[in-house]
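The structure appears right after this line, and notes come after that.
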Amino acid sequence: MNGKRTRIYEGKAKILYEGPEPGTVIVHFKDDATAFDGTKKDVIDGKGVLNQRISDYMFQRLNEMGMPTHYIRSLNMREQLVRSVEIIPLEIVVRNVAAGSLAKRLGLEEGSALPRSIIECYYKNDKLHDPMVNEEHITAFGWATPMEMDDIMHMSIRINDFLSGLFLGIGIRLVDFKLEFGRFVENDMMRVVLADEISPDNCRLWDMRNNNAKLDKDVFRRDLGSLVDAYHEVARRLGIIQEGETPVRSRPKLVKSDT
Ligand code: UDP
């Protein structure tokens, strides 16, 4: 089936195919994991399926609360149908607790509370290693208009409130996360919607029931154990994987027989 579809784009963790109707795209979640600008790479069996299920759940909840998103519906374990949008070339990082690059840059102790939630913008450009930019750069270079930035900021704050509460309810601290937005024309109006994915690949999730153990991509970045087990725990607590269900594997394993 994959062979017959038109591939639009392949990124580090996802492939985009042309959708069945005009204005739609199929997002395929891969098992590939990358970190540190793609210098650390691995294929982690089952990661794509877990990310698809978690992201699918998040986008459904966000759609229900009236948040404009690109999400239409899930197609299968690894794929979603989404609205085709022009991606705004920004990574919007929302932070509640000091960690990662912020802790490093400002000499903060990882885990220290921030005086309030902080939103940062990075210019999406692999060659330049996604430099941090401010609204002056963004509007001067035309990456987004001032009105689009207003929408992006308001939506990011609402999403943070919603996600922080959701994770708190299942004993997980939402430390920080990255969002991406897209634009499309509807009734002659340009609209901004949440795009990309929301999964442990782009959130920092700390287990409040287990000494702040990492349940996110830092498990891979810092070699802290099984990434699939961590993502599986997030899915289990969200109630989207049944108790006792084993972590999903994408391919049957080759079993060698001695006989
Ligand atoms: N993040 C992401 N993609 C990126 C950079 C960051 O999803 O290209 C997420 C990351 O998983 C974390 C948050 O954004 O949840 C903040 O990341 P940070 O700036 O601390 O950078 P990192 O430590 O990941 O290099």
Subject >> HN-Hα J in Hz across region 42-53 - Karplus 6.51, -1.76, 1.60, θ = phi - 60°, x for Gly and Pro >> reply: 7, 10, 10, 3, x, 5, x, 5, 5, 5, 4, 5
Original post:
Mean separation of Cα pairs under 8 Å and 6+ residues apart, divided by the residue count of region 191-236: what relative contact order is that in percent?
Top reply: 26
**OP:** Go ahead and set up a Gaussian network model of the chain, Cα springs under 10 Å, then flag whichever of Gly182, Gly107, Gly225 fluctuates most.
**Re:** Gly107
**OP:** Starting from the alpha-carbon convex hull of region 94-204, give the projected area averaged over all orientations, in nm².
**Re:** 8.3
Original post:
Under unit Cβ charges (Lys, Arg +1; Asp, Glu -1), what dipole magnitude, rounded to 20 debye, does region 11-151 have relative to its Cα centre?
Top reply: 400
**OP:** Please report, in debye to the nearest 20, how large the charge dipole of the chain is about its Cα centre when each Lys and Arg carries +1 at its beta carbon and each Asp and Glu carries -1 there.
**Re:** 720
**OP:** Please report Ser55, Ser101 as a ranked list, fewest other C-beta atoms within 10 angstrom at the top and most at the bottom.
**Re:** Ser101, Ser55
**OP:** Two decimals is fine: what is log10 I(q)/I(0) at q = 0.15, 0.16 Å⁻¹ for region 22-138, from a Debye sum with one equal scatterer on every Cα and no solvent?
**Re:** -0.99, -1.11
Original post:
Got a sec? How would Asp150, Asp126 order by Cβ neighbour count within 10 Å, fewest to most?
Top reply: Asp126, Asp150
Original post:
For the chain, what is the convex hull (Cα atoms) projected area averaged across all directions, in square nanometres?
Top reply: 16.9
**OP:** Restrict the search to region 11-112; then list the GluC sites (Glu not before Pro) that DSSP places in a loop and that have at most 12 other Cβ atoms within 10 Å of their Cβ.
**Re:** Glu109
Subject >> Vicinal HN-Hα couplings computed from phi for region 213-225 (Karplus, 6.51 cos²θ - 1.76 cosθ + 1.60; Hz; Gly/Pro x) >> reply: 4, 7, 10, 8, 5, 4, 4, 7, 4, 10, 6, 9, x
Subject >> Residue with peak Gaussian network fluctuation, the chain [Cα springs, cutoff 10 Å], from Arg73, Arg83, Arg116 >> reply: Arg116
Original post:
Sorted from fewest to most neighbouring beta carbons within 10 Å, what does the list Asp31, Asp151 look like?
Top reply: Asp151, Asp31
Original post:
Relative contact order for region 146-246 using alpha-carbon pairs under 8 Å, separation at least 6, rounded to a whole percent?
Top reply: 18
Original post:
What does the helix-only formula give at 222 nm for the chain: each DSSP H stretch with n ≥ 4 adding -39500 (n - 2.57), the total divided by the residues, and the result rounded to the nearest 500 deg cm²/dmol?
Top reply: -8500 deg cm²/dmol
Original post:
Dividing the Cα convex hull volume of region 45-99 by residue count, how many Å³ per residue is that?
Top reply: 136
Original post:
What are the principal axis extents of the Cα atoms in region 1-44, in Å, biggest first?
Top reply: 36, 20, 11
Subject >> DSSP-assigned coil residues among chymotrypsin sites (Phe, Trp or Tyr not before Pro) in region 88-194, each with at most 12 further Cβ atoms within 10 Å >> reply: Phe141
**OP:** May I ask you to derive the relative contact order of the chain, considering only C-alpha pairs under 8 Å and at least 6 residues apart, and to give it as an integer percent?
**Re:** 18
Subject >> Neighbourhood charge, 14 Å Cβ-Cβ cut-off, centred on Val185 and excluding it, Lys, Arg +1 and Asp, Glu -1 >> reply: -1
Subject >> Span per principal axis, largest first, for the Cα atoms of region 94-148 (Å) >> reply: 35, 27, 13
Original post:
What percentages, rounded to whole numbers, describe P(r) for region 6-85 computed over all alpha carbon pairs with 10 Å bin width beginning at zero?
Top reply: 19, 45, 31, 5
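Since every read-out is calculated from the coordinates, none of them should be taken as a lab result. What you see is a predicted model, and the numbers here were worked out from it, not measured in a lab. Methodologically, a virtual Cβ is constructed for each residue, glycine included, from the backbone with ideal geometry; neighbour enumeration extends over all protein chains shown.
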